[in-house]
Amino acid sequence: MKKKRSTFSAMGYLIFFVTVAAIITCAVLIYSFLSERAGKLTIAVAMLIVVVVLAGVCTLIDVIRRKYMVERPVREILRATERIAAGDFKVRLTARHGYERYDEYDEIYENINRMAAELSRNEVLKTDFISNVSHEIKTPLSVISNHATLLQDETLTEEERAEYTKALLAASKRLTDLVTDILKLNKLENQVIPEQKTTLHLGDFLGEIVLGFEDLIEGKNIELTCDIDDVTFSADKTYLEIISNNLLSNAVKFTPEGGKISVSLKEGEKDVVLKVSDTGCGMTPEVGARIFDKFYQGDTSHRQQGNGLGLALVKKVIDLMGGSIRVESELGKGSTFWVTLKK
Ligand SMILES: Nc1ncnc2c1ncn2[C@@H]1O[C@H](COP(=O)(O)OP(=O)(O)OP(=O)(O)O)[C@@H](O)[C@H]1O
Ligand SMILES: [Mg+2]
């Protein structure tokens, strides 16, 4: 904790006071000395000189004080804020004093440095976000344009036409999903839509979500085990949909043919725990540490569908609900996600 001192410290006032008192004392001494020895005119001239010297010294002290204690830091602040306003976030001000004499200006300097650092961090996030979005849009767009060109060929067979149309539809769905997820995340981050709690029978709710993945699970011949308590829980339905849909879609996506997925929902005294476990490809600890980052995908070859926003959305929703998420995973063996929500 820094020792705070006012810019206009008691010491500064004391120096000013002592100087003025010394000058007035000198003036009084000169007056009493001259009053016995000199005439009125000499006294008047001497007093005038004393007044001029007194006023001059006071002005000089004030000028020096203003220059070093007020004008210089204000000018530095002005220059720094002008550079920040012009978009230069590299500006950093060096504190004028150390621990002992830390004052309000040092505090303003530190705040400006923090503000510039925060703005520069946001700038990096913004450019990263734009480049990620552009990258994610580019792939489906080129699929759309390639297949649209191919479809113009009149000699295509029915099967070829159907295949290209399917690819075109899949790419446009990927674009729609991407835009939907970005909008959802944006709304959640800006808290545009407040949490709307309703009382839910979590067992039935989760059962329906699992049913939505039935075709995919059967298609990959995955063995599904469910152990779901019928918990009554008050929460925002859309938030719970985001959590369970994303965890299940990942489990199905990253589990190969013939694998296993288990879903459990358990009610504790103060919380509800959702567990989604799979025997899929698993992750390395390095991948596991980044899975909640926006646009992060462990497999950079993008062999799997998706844009890396699912778990970022899940994490955001859980944070808003005041819950927590934990993952345990081993490469080649599988992953388990636990979501704990307070009742
Ligand atoms: N169950 C899982 N098994 C193995 N890896 C997983 C699992 N769940 C998530 N991951 C890793 O975390 C990454 C991020 O997951 P996330 O859900 O955010 O994105 P995605 O599934 O790739 O795309 P999206 O969810 O946007 O469709 C995945 O790309 C994958 O590498
Ligand atoms: Mg996902």
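Laboratory data are not the source of any read-out in this text; all were calculated from the coordinates shown. These figures come from a predicted structure and were not determined experimentally. We place every Cβ from the backbone using ideal geometry, glycine too, and count neighbours over all the protein chains shown.
Classify segment 61-211: rounded, prolate or oblate, from the alpha-carbon gyration tensor (a ≥ b ≥ c, eigenvalue square roots; a/c under 1.5 rounded; otherwise prolate if a/b is larger than b/c)?
Here segment 61-211 falls in the oblate category.
For the chain, take the longest principal axis of its alpha carbons; what is the angle in degrees between that and the long axis of helix 72-85, to the nearest 10 within 0 to 90?
20 degrees
Have a look at 264, 331, 182 and report the one farthest towards the positive end of the charge dipole of the chain, computed about the Cα centre with Cβ charges (Lys/Arg +1, Asp/Glu -1).
182
By how many degrees, between 0 and 90 and to the nearest 10, does the Cα long axis of helix 158-189 differ from the longest principal axis of the chain?
The answer is roughly 30 degrees.
Would you mind getting the Kirkwood hydrodynamic radius of segment 197-342 from its Cα pairs, rounded to one decimal in Å?
So the Kirkwood estimate lands at 15.5 Å.
Using unit Cβ charges (K, R positive; D, E negative) and no other charged atoms, how large, in debye to the nearest 20, is the dipole of the chain about its Cα centre?
So the dipole magnitude of the chain works out to roughly 2820 debye.
Only helical DSSP H runs with n ≥ 4 go in: add -39500 (n - 2.57) per run for the chain, normalise by residue count and round the 222 nm mean residue ellipticity to 500 deg cm²/dmol.
When only DSSP H runs of four or more count, the value is -20000 deg cm²/dmol.
If I take all pairs of Cα atoms in segment 130-189, what percentage of them are more than 20 Å from each other?
Above the 20 Å cut-off, segment 130-189 has 37 percent of its Cα pairs.
Using a 10 Å cut-off around each Cβ, can you sort 244, 264, 32, 329 from fewest to most neighbouring Cβ atoms?
Ascending number of Cβ neighbours within 10 Å: 32, 264, 329, 244.
How far, in degrees from 0 to 90, does helix 40-65 lean away from the longest principal axis of the Cα atoms of the chain, to the nearest 10?
The angle comes out near 10 degrees.
So which lysines pass the test for residue 237, namely a Cα distance under 22 Å, with those fewer than 8 places away in the same chain ruled out?
Leaving aside lysines fewer than 8 places away in the same chain, those within reach of residue 237 are 184, 187, 197, 266, 270, 275, 315, 316, 342, 343.
I want to verify the translational diffusion coefficient of segment 10-119 in µm²/s; compute it with Stokes-Einstein, Rh as the Kirkwood radius over Cα pairs, at 20 °C and 1.002 mPa s.
Calculated translational D: 122 µm²/s.
Projected onto the charge dipole of the chain (+1 at Lys/Arg Cβ, -1 at Asp/Glu Cβ, origin at the Cα centre), which of 150, 50, 235 gives the Cα projection farthest towards the positive end?
50
Grab every C-alpha pair in the chain, bin the distances at 20 angstrom width from 0 up to the longest one, and report whole percents.
Histogramming the chain at 20 Å steps yields 20, 33, 22, 13, 9, 3, 0 percent.
Once the dipole of the chain is set up with Lys and Arg at +1 and Asp and Glu at -1 on Cβ about the Cα centre, which of 284, 120, 97 lies farthest towards its positive end?
In the chain, that residue is 97.
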